[in-house]
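Novice: Please read through the structure below; I'll follow up with questions.
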Amino acid sequence: MIFRYTILYVDDVAASIDFFTRAFSLEKGFVHEGGDYGELATGHTKLAFSSTSLMRQLGKDPARPSRRQPCFEIALETDDVAGALRRALAAGAVLEKDVQEMPWGQTLAYVSDPNGYLIEICSPVQLPSPG
C-alpha cells in the first residue's frame, strides 16, 4: 500500500491550485475539465483539491478549515524556509508563526492558505551527529 494523495475540500479548485503553484512552486498536475477536482505534483504523493459543491453532490458535508483550531497540517519541506515563507506571504498566505529553529534540528514556519488550511514550511530534520 502507498500513500497516494490528500484531498482538501475548497470552494474554488482553480484558485487553490493557482495559490499553491505561486506560493510553493508546486507543479500543476491533472485538473478535471469541469473544474471540480485538481492535483498538484509533490513527488510520490499528490496534493489534491475537490470542490465543496462536488462533495455535497456526493452526499458529504465538508467542514470549513479553521486557522485558529486546525485539525491537521500540511508540511512542505525546503532547504530555504525563510525564502519559502517570503514567497508564500507574497502569494497571499497568512503568517501564523515566523521562522523558528527547533531543538530537534529543524527550521520551520507556519502559514495558512486563503481557505484557512494550516501549512508548515520546514527544513529537513538535522539530527546531531553521534558523539
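The values are calculated or read from the model by the stated rules, or taken from the named source; none is laboratory data. This is a predicted model, so every value here is computed, not measured. In this analysis, Cβ positions are derived from the backbone assuming ideal geometry, glycine residues included, and neighbour counts consider all displayed protein chains.
Novice: Could you please give the count of residues in the stretch 54-90 that are in contact (Cβ under 8 Å) with a residue 60 or more places away in the chain and within 23 Å of Asp36 (Cβ to Cβ)?
Specialist: Total satisfying the criteria: 1.
Novice: Among Leu85, Leu40, which is the only one that is in the same structural domain as Ile2 (by TED's automatic domain parsing) and either modelled with pLDDT of 95 or more or under 30 Å from Met1 (Cα atoms) (or both)? Steps first, answer last, please.
Specialist: Numbers: Leu85 fails: in the same structural domain as Ile2 (by TED's automatic domain parsing).
So the residue among Leu85, Leu40 that is in the same structural domain as Ile2 (by TED's automatic domain parsing) and either modelled with pLDDT of 95 or more or under 30 Å from Met1 (Cα atoms) (or both) is Leu40.
Novice: Sticking with this one: Grab the strands (runs of 3 or more DSSP E) fully contained in the stretch 34-79, keeping just those with 1 or more residues being over 15 Å from the mean Cα position of the chain (by Cα). I'd like the intermediate steps shown before the answer.
Specialist: Details: elements: 37-41, 46-51, 74-77.
Once the strands (runs of 3 or more DSSP E) in the stretch 34-79 are filtered for at least 1 residues that are over 15 Å from the mean Cα position of the chain (by Cα), what remains is 37-41, 46-51.
Novice: Considering the stretch 3-33 alone, what residues qualify as being loosely packed, with under 15 Cβ neighbours inside 10 Å, assigned to a loop (DSSP other than H, G, I, E, B) and over 12 Å from the mean Cα position of the chain (by Cα)?
Specialist: Within the stretch 3-33, Phe3, Arg4, Asp11, His32, Glu33 qualify.
Novice: May I ask you to say which residue of Ala109, Ala90 is surrounded by fewer than 12 Cβ atoms within 10 Å (Cβ to Cβ), under 17 Å from the mean Cα position of the chain (by Cα) and among the aliphatic types (A, V, I, L, M)? Step through it out loud before you land on a result.
Specialist: Numbers: Ala109 fails: surrounded by fewer than 12 Cβ atoms within 10 Å (Cβ to Cβ).
Of the residues listed, the single one that is surrounded by fewer than 12 Cβ atoms within 10 Å (Cβ to Cβ), under 17 Å from the mean Cα position of the chain (by Cα) and among the aliphatic types (A, V, I, L, M) is Ala90.
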